[in-house]
Amino acid sequence: MGPSRNTAAAVIAAFGMAALATAQQQQQIQTPPANAGAAAAQAGGRGRGGGRPEAYPQHPPGDPAAIERGKATFGVQCSFCHGSDARGGEGGPNLIRAESVLRDRDGETIAPVVQNGRVDRGMPKFDLNTAQISDIAAFIHSFRVAGYDASRDRPPTIVVGDAKAGEAYFRTTCSRCHSATGDLKGLATKISDPRSLQQAWLMPGGGGRGGRGGGGGGALTVPPVTVTVTMLSGQKIEGRMERIDDFLVTVMDADGLSRTIRRDGDTPKVEIHDPLEPHKQLLRTYTDKEIHNLTAYLVTLK
Amino acid sequence: MTVKTLIASASLYLIPAMFPGNAGAQGLSSADLLKPLANDWPTYSGDYSGKRYSHLTQVNQTNVKNLTLAWTARMTAGAGNAGGGGGGRGGGGGGAPTIIGGEGTADASAGGGNANIRASILEVDGILYLDTPDNAWAVDARDGRTLWHYVWKTKGGTHIGNRGLGMWGNWLYMETPDDYLVCLDARTGKERWHVEIANFSQQYFSTMAPIVVGNHILVGTGDDLDEPGYLQSLDPETGALQWKWYSVPMKKGDPGLETWSGVDAASHGGGNVWIPGSYDPETHLYITGTGNPSPAYTGQSRGEGVNLYTCAMVAVNVDTGKMAWYYQTSPHDTHDWDSAQTPVMVDADFNGKPRKLLVTASRNGYFFTLDRVTGEHLVTGKFSDTVNWAKGLNANGQPVREPAKDYDIGGALVSPNNGGATNWPPPSFSPDTGLFYVPTSDNYSMYYLTETDPRGAMGLGGKEEVGVATLGSYLTAIDYKTGTVAWQHKYPAATGGGGNGILTTAGRLLFAGDHGGNLVAYDPANGKILWHSRIGQVSNAPETYMLDGHQYILVAAEGSLFAFTLY
């Protein structure tokens, strides 16, 4: 659709916001577009993460009495086909995203459709007056319009797997490095939200490592990526890897001192030790069922 | 002057009064735009082919180690922060005029901040023309001095980026986030007119670099609601509409409707056209990629069909606005993997015979070689080995989606993530090596279904994507004959995004930004590193131009322009 999906941060910011939004918040009007543009532009970062979905004109809050009247009229005349929430029903399209509604302010572009019908598309004409249509418009415009559409009917839980099968998978695969009674004891107490737990075991330390969005693994201590640099003299410099590109590597030693070393092709020799490498390689092997089963088991490790 | 009235009424094909074919020395003629990339950079990809391959050789493998900074200039967006647009090192920016336009009231850049330069920058007769959302500049290509700065006051909307300006004669064309096409006088920055190109109430936003072909300005827009995508052609003198091509069926009888559940779904089916395409003067075909179908994820309302002509390469005749052929790279997409990557036109041997080809690496992880005259499929390759959303290829070489990988209440582990195995950053093709170059990434996300309403959600809603990991980011070279990876340079840190586009030159060089904030010159034959300079995160594709007998390499990083040359 738009370029916005280039932007990891943008998408996550939007969904994060969407997740937090309550039904009531969704109905609140947004910041007036004049200010919103400015605020959002400032929030937009650089590179791929730049920008985020910004405020489009939403309708100002309508007269509550008009919205109530409109809701009643809509319920009687429109909701069978268009759904009680105007998002589509028995044969009738979603009105929230319809051009004639998006362009409308007070019923003026909705009225011709209602009063004349769209017989070719199966919509009869309705004998409603301008005031009634204005009320219906007020009701439809009370819904927030957003492509980053907040979920309304959320599933109760993400735990859908078989804990027993998950335990068996744990024994054959995870137990090479982990123990349910050792390092993972109380895991589900440390991370009580199952989705955060799932993201955390998939990639401890969260999606911040090259992924995007938080993985909820903050409760886990993940050993850092370390590096061994072997200088031409044979001297070895070891420590936490601070940064690396094709030209430099920065190593923090045990005393917390950082040292940046020039790289020229394969000289000096640089070996990276990523403690999460096994987790990364396993990503290529999991089935979704295995993931769900393992999570169903791990949520029992209270 | 506003000519909104014109666009409202003009659905007729308007014959232009004249071509600016022999405009003054400062003018850019339609004929100039037909030439292969040489001393100037007059259109988005340098020339119409999309190859981003320059014939300049002054900077080459033997001397690139001496490449050095000629000038740098910091660009500051917004009227309040302008002061001539920042002087850069050379200073002297003070006094450059700032021109204000716009239909809205907000200065989106109020408060300052670095200009977000994603754009391809035009270079014509020693002057650079660039833009960011709501801002355009003319900059002296010799020293980075700002000549004028134009600021558009906005109504709001998605300010995600802007891909660049279009030029015809002495006129520049800029899309604004709130859906206007603005025509500026390149000599002064003064506005000639602006026209509305999409309806802001429908949440369209506009980022594309206008492409000028003959007497057509081709413009597209983006949208994250469920509104239909379209490409339109406007008259360069007046902005009047010449034709409009919808990427989805809009009414009964339109071709492709059988691939949707019905007219309402199709006409709310997305397929936005937001990245510049390429143009073949011999066939008069403008070939571009279309965006994802909509709603993007909870696509059940779209029906089980392939949802034409979303996520496709489409060839549109610039004279008539009619589609000649299409090839869908993601049939019935369910991950918002737009096919919005500038396709590259290559004239090269295929199976021992010269052939007019089109190559593209898609966000979904697959590479395609097509015949660009007929749209015939020739090659499919997979360039990210983590990609797991397809069961395989069908007889026409298209990936066949695995529905279980759409999303799951318990989460579906999918590669690539929404950002894709690649994205809009421009690829390049070098005729010297016969290789296609593209920034790529192996990455995974979990996709959770969060909307159980059987009607689904709108736009990009209804699911939550949570990133898992990026296993590797690469500069990738692909053989168009086989679709296989010829070589990859793996960046040492596996963070996403290795640069924002690629340039190749006849000097046997490949320029690209890396994840560490370096502009790097590589050997396009094998990826060997030849030169680098750390300038900060590179935000656009490197370009090159020749001026006063010197070849310049131009790139943007962290709100500044950097021009390198040899002395």
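Figures for the structure shown
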| quantity | calculated |
| --- | --- |
| Residues being open to solvent by 30 Å² or more (accessible area, probe 1.4 Å), within 11 Å of another protein chain (Cβ to nearest Cβ) and not in a strand (DSSP E or B) - total across segment B:521-537 | 2 |
| Residue that is nearest to the other protein chains (Cβ to nearest Cβ), among those in segment B:450-469 that are more than 23 Å from the chain's Cα centre (by Cα) and part of a strand (DSSP E or B) | B:Gly467 |
| Listing of strands (runs of 3 or more DSSP E) fully contained in segment B:240-343 that carry 1 or more residues being basic (Lys, Arg) | B:241-246 |
| Test: B:Leu393 is open to solvent by 50 Å² or more (accessible area, probe 1.4 Å) and over 14 Å from B:Phe436 (Cα atoms) | yes |
| Residue that is nearest to B:Asp432 (Cα to Cα) [pool: residues in segment B:32-56 that are assigned to a helix (DSSP H, G or I) and open to solvent by 10 Å² or more (accessible area, probe 1.4 Å)] | B:Leu34 |
| Some residue of segment B:480-494 being touching a Phe, Trp or Tyr at 6+ places or on another chain (Cβ under 6 Å) and at the interface with another protein chain (Cβ under 7 Å from one of its Cβ atoms) | no |
| Selected residue (only one of A:Ser134, A:Ser142, A:Ser196 is closer than 15 Å to A:Phe74 by Cβ and either under 27 Å from the mean Cα position of the chain (by Cα) or open to solvent by 80 Å² or more (accessible area, probe 1.4 Å) (or both)) | A:Ser142 |
| Among (1) at pLDDT 95 or above; (2) closer than 20 Å to B:Met75 by Cα; (3) within 24 Å of the chain's Cα centre (by Cα) - the single one B:Arg534 does not satisfy | (3) |
| Failed item in (1) of a type in the set (S, T, N, Q); (2) within 14 Å of chain A (Cβ to nearest Cβ); (3) touching a residue at least 40 places away in the same chain (Cβ under 8 Å), with B:Asn518 passing the rest | (3) |
| Selection status of A:Lys289, among the basic types (Lys, Arg) and either under 28 Å from B:Thr386 (Cα atoms) or surrounded by 15 or more Cβ atoms within 10 Å (Cβ to Cβ) (or both) | yes |
| Selection status of A:Asp153, over 21 Å from A:Lys289 (Cα atoms), within 14 Å of chain B (Cβ to nearest Cβ), open to solvent by 30 Å² or more (accessible area, probe 1.4 Å) and out of contact with any strand residue (DSSP E or B) (no Cβ under 6 Å at 6 or more places or on another chain) | yes |
| Exclusive hit being away from chain A (no Cβ under 14 Å), in contact (Cβ under 8 Å) with a residue 12 or more places away in the chain and open to solvent by less than 10 Å² (accessible area, probe 1.4 Å), set B:Leu165, B:Leu241 | B:Leu165 |
| Within segment B:30-47, tally of residues that are farther than 17 Å from B:Leu128 by Cα and hydroxyl-bearing (Ser, Thr, Tyr) | 1 |
| Residue that is most open to solvent (accessible area, probe 1.4 Å), among those in segment B:470-483 that are at pLDDT 95 or above and more than 24 Å from the chain's Cα centre (by Cα) | B:Lys481 |
| Any hit, segment B:500-507, residues being within 14 Å of another protein chain (Cβ to nearest Cβ), under 13 Å from B:Asn540 (Cα atoms) and within 19 Å of the chain's Cα centre (by Cα) | yes |
| Odd one out for A:Ser79, checked against (1) crowded, with 16+ Cβ neighbours inside 10 Å; (2) among the small types (Gly, Ala, Ser); (3) touching a residue at least 24 places away in the same chain (Cβ under 8 Å) | (3) |
| Filtered residue count, segment B:442-469, keeping only those that are of a type outside the set (Val, Ile, Thr), touching a Phe, Trp or Tyr at 6+ places or on another chain (Cβ under 7 Å) and open to solvent by less than 10 Å² (accessible area, probe 1.4 Å) | 9 |
| B:Leu435, sole failed condition from (1) more than 9 Å from every other protein chain (Cβ to nearest Cβ); (2) open to solvent by less than 10 Å² (accessible area, probe 1.4 Å) | (2) |
| Qualifying residue in segment B:131-141 (condition: open to solvent by 10 Å² or more (accessible area, probe 1.4 Å), within 14 Å of another protein chain (Cβ to nearest Cβ) and either in contact with a Ser or Thr (Cβ under 9 Å, 6 or more places away or on another chain) or in contact (Cβ under 8 Å) with a residue 24 or more places away in the chain (or both)) | yes |
| Single residue of B:Arg142, B:Arg163, B:Arg118 found to be among the charged types (D, E, K, R) and within 25 Å of B:Gln242 (Cα to Cα) | B:Arg163 |
| Among residues of segment B:265-313, those that are under 23 Å from B:Thr422 (Cβ atoms), over 15 Å from the mean Cα position of the chain (by Cα), of a type in the set (Val, Ile, Thr) and open to solvent by less than 10 Å² (accessible area, probe 1.4 Å), counted | 1 |
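Every residue, every condition in (1) polar (S, T, N, Q); (2) at the interface with another protein chain (Cβ under 9 Å from one of its Cβ atoms); (3) under 22 Å from A:Ser179 (Cβ atoms); (4) open to solvent by 30 Å² or more (accessible area, probe 1.4 Å), yes or no:
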{"position": "A:Val222", "(1), (2), (3), (4)": "no, no, yes, yes"}
{"position": "A:Ser233", "(1), (2), (3), (4)": "yes, no, no, yes"}
{"position": "A:Arg240", "(1), (2), (3), (4)": "no, no, no, yes"}
{"position": "A:Phe247", "(1), (2), (3), (4)": "no, yes, no, no"}
{"position": "A:Gly265", "(1), (2), (3), (4)": "no, yes, no, yes"}
{"position": "A:Pro275", "(1), (2), (3), (4)": "no, no, yes, yes"}
{"position": "A:Thr285", "(1), (2), (3), (4)": "yes, no, yes, yes"}
{"position": "A:Asn293", "(1), (2), (3), (4)": "yes, no, yes, no"}
{"position": "A:Ala296", "(1), (2), (3), (4)": "no, yes, yes, no"}
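The rows are residues; the columns are (1) open to solvent by 10 Å² or more (accessible area, probe 1.4 Å); (2) in contact (Cβ under 8 Å) with a residue 60 or more places away in the chain; (3) in contact with a helix residue (DSSP H, G or I) (Cβ under 6 Å, 6 or more places away or on another chain).
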site	(1), (2), (3)
B:Ile121	no, yes, no
B:Trp152	no, no, no
B:Trp171	yes, yes, no
B:Tyr180	no, yes, no
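The values are calculated or read from the model by the stated rules, or taken from the named source; none is laboratory data. Nothing here was measured: the structure is a model prediction, and the numbers come from that model. All Cβ positions, glycine included, derive from the backbone under ideal geometry; neighbour counts span all protein chains shown. Ligands, DNA and RNA are excluded from the accessible area calculation, which covers all protein heavy atoms including side chains. Shrake-Rupley method; radii C 1.70, N 1.55, O 1.52, S 1.80 Å.
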